[in-house]
1. Somewhere in the stretch 18-41, is a residue part of a loop (DSSP other than H, G, I, E, B) and either more than 30 Å from the chain's Cα centre (by Cα) or over 27 Å from K71 (Cα atoms) (or both)?
2. Would you pick out the residues in the stretch 90-135 that are in contact (Cβ under 8 Å) with a residue 40 or more places away in the chain and either loosely packed, with under 15 Cβ neighbours inside 10 Å or among the charged types (D, E, K, R) (or both)?
3. Being farther than 30 Å from V144 by Cβ and exposed (fewer than 10 other Cβ atoms within 10 Å of the Cβ) is the requirement here; does Y2 meet it?
4. If I ask for residues that are in a loop (DSSP other than H, G, I, E, B) and modelled with pLDDT of 80 or more, which ones from the stretch 84-104 would you list?
5. Only one residue in L49, L7 is assigned to a helix (DSSP H, G or I) and either in contact with an Asp or Glu (Cβ under 8 Å, 6 or more places away or on another chain) or exposed (fewer than 12 other Cβ atoms within 10 Å of the Cβ) (or both), so which one is that?
6. I'm told F55 meets every condition in (1) touching a strand residue (DSSP E or B) at 6+ places or on another chain (Cβ under 9 Å); (2) assigned to a helix (DSSP H, G or I) except one. Can you identify the failing condition by its number?
7. Can you name the condition, by its number, that N64 falls short on among (1) part of a helix (DSSP H, G or I); (2) modelled with pLDDT of 90 or more; (3) surrounded by 13 or more Cβ atoms within 10 Å (Cβ to Cβ)?
8. Kindly indicate whether F55 is among the aromatic types (F, W, Y) and modelled with pLDDT under 90.
Amino acid sequence: MYFFWTLLGIIFLFMEIKKSNPVKLSMAASFLFLAIVAYKFENVFYIELIALPVFFIVFYCLINIILKREKNELEKMNSLSDCEGKIANVKKDIGKTLSIDGIGYIEYQNKLWQAKSIDDREIKAGSKVEIVSRENLIMNVKAVSYAKK
């Protein structure tokens, strides 16, 4: 029976490649794990009947959590398209760029972002900074007192 479950898992994986769907991916993973269960507990069919819905629910929940996290990260990245030149508050001290603890945190759009100083100056929490650019999710900032208005 494990051969049947393996074959079904592979078929669902190929269907997933053609068009992405969390249900198909959950089914593929469930069938592949069910093949392992069927191999270990040969000729005990009721265990397979119990394991299939359990595997499906677990994988479906995990896949949805991962997809939601990726969607949030994508939204976070897209919200940064016009951040350059904006003012933010420093929440955790930003150290000198070359120091070990050079990365600090700023609050921009009610979210915390990692930040580093572009002019190698320490910036204390509570200060205002101007966002100059970004590298992925790290903001390059400079203190407002040094920014050109």
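1. yes
2. K128, E130, S133, R134
3. No.
4. Answer for the stretch 84-104, where residues must be in a loop (DSSP other than H, G, I, E, B) and modelled with pLDDT of 80 or more: E84, G85, K86, D93, G95, I103.
5. Step by step, each of L49, L7 is checked, and only L49 is assigned to a helix (DSSP H, G or I) and either in contact with an Asp or Glu (Cβ under 8 Å, 6 or more places away or on another chain) or exposed (fewer than 12 other Cβ atoms within 10 Å of the Cβ) (or both).
6. Condition not satisfied by F55: (1).
7. N64 satisfies every listed condition except (3).
8. No; evaluated as a whole, the condition is false for this residue.
The values are calculated or read from the model by the stated rules, or taken from the named source; none is laboratory data. For clarity, every value in this text was computed on a predicted model and none was experimentally measured. Cβ sites come from the backbone with ideal geometry, for glycine too, and all protein chains shown count toward neighbours.
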